[in-house]
Amino acid sequence: MTAVMDPVDVEVRARQTRGESSEAIYRAIARTLSQRGIWGNVLLDVGCGAGRLWPYLCDLFATYIGVDVIPYEQFPKSASFRVADLDAEGVPLPDRSADVVVAAETIEHLENPRAFMRELVRVTKADGWIVVTTPNQLALLSMMTLFVKGRFNAFQDVQYPAHITALLPIDLQRIAEESGVTGTAIEYTEEGRIPLTAWHYPGRLARCLPQAFSDNVLLLGKRPVR
């Protein structure tokens, strides 16, 4: 029998994130799309939170649609919002709705990452793009935390039960390719915190060794034309 989470618990988990990710993640998404000349009409942000991604991409898309389990007051008034508990239901949009579908720091909150990836593919237009980010478990900070505490840095008690599914970059690629995504590429935010400090690595160092010195990883892939 499938357990159904109390709606109050779902909201508590959502509120833990405050509806936002770090600016480094938004910059990485914008950089990845801009460098490849990716733009379009509809941008769908699944797990959108307060919609803070939109200012980074508003020059590339005409329409912004956000999906999340609760509405946040800061969500852009000019954008469209859909409510969905992504653990209990799919994305509430028709097939092939968006040119680019982004799920920034969302997949780690969900019980079934494969079902989620299939939903992202479903709502992406043919020849459209999918972007997924999640904490980078292979970062030096995360590996040190795993060695010392027996858990990844972004999956400690303070993050639970908001963060429940830890994925490696190879997991993201495998899940995406199993779901029909082609041409997958792994990128990194190129910004990471130095262990035991509040400081971040110098940008030049993070750019030279992004896997080791980035707090977050990004997967990019395309829904094929068929």
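How many residues, within segment 183-222, are open to solvent by less than 40 Å² (accessible area, probe 1.4 Å), in contact with a Phe, Trp or Tyr (Cβ under 9 Å, 6 or more places away or on another chain), under 22 Å from Arg36 (Cβ atoms) and not in a strand (DSSP E or B)?
So the count comes out to 3.
If I go through segment 62-91 residue by residue, how many of them are aliphatic (A, V, I, L, M), within 19 Å of Val42 (Cα to Cα) and open to solvent by 50 Å² or more (accessible area, probe 1.4 Å)?
Number of matching residues: 2.
Of all residues being in contact with a Gly (Cβ under 9 Å, 6 or more places away or on another chain) and assigned to a strand (DSSP E or B) in segment 117-133, which is surrounded by the most Cβ atoms within 10 Å (Cβ to Cβ)? Just the residue, please.
This residue is Val132.
Would a scan of segment 92-108 turn up a residue that is open to solvent by less than 60 Å² (accessible area, probe 1.4 Å), in contact (Cβ under 8 Å) with a residue 12 or more places away in the chain, under 20 Å from Leu220 (Cα atoms) and in contact with an Asp or Glu (Cβ under 6 Å, 6 or more places away or on another chain)?
So far as segment 92-108 goes, yes, one or more of its residues are open to solvent by less than 60 Å² (accessible area, probe 1.4 Å), in contact (Cβ under 8 Å) with a residue 12 or more places away in the chain, under 20 Å from Leu220 (Cα atoms) and in contact with an Asp or Glu (Cβ under 6 Å, 6 or more places away or on another chain).
Could you check segment 55-91 and list, in sequence order, the residues that are hydrophobic (A, V, I, L, M, F, W, C) and without any contact (Cβ under 8 Å) to a residue 12 or more places away in the chain?
Cys58
What's the total number of residues in segment 134-177 that are surrounded by 15 or more Cβ atoms within 10 Å (Cβ to Cβ), assigned to a helix (DSSP H, G or I), touching a residue at least 24 places away in the same chain (Cβ under 8 Å) and aliphatic (A, V, I, L, M)?
Number satisfying all stated conditions: 6.
The values are calculated or read from the model by the stated rules, or taken from the named source; none is laboratory data. In this text, all values refer to a predicted model and were calculated from it rather than measured experimentally. Cβ coordinates were reconstructed from backbone atoms using ideal geometry, including for glycine residues, and neighbour counts include every protein chain displayed. Heavy atoms of the whole protein, side chains included, go into the accessibility calculation; ligands, DNA and RNA do not. Shrake-Rupley method; radii C 1.70, N 1.55, O 1.52, S 1.80 Å.
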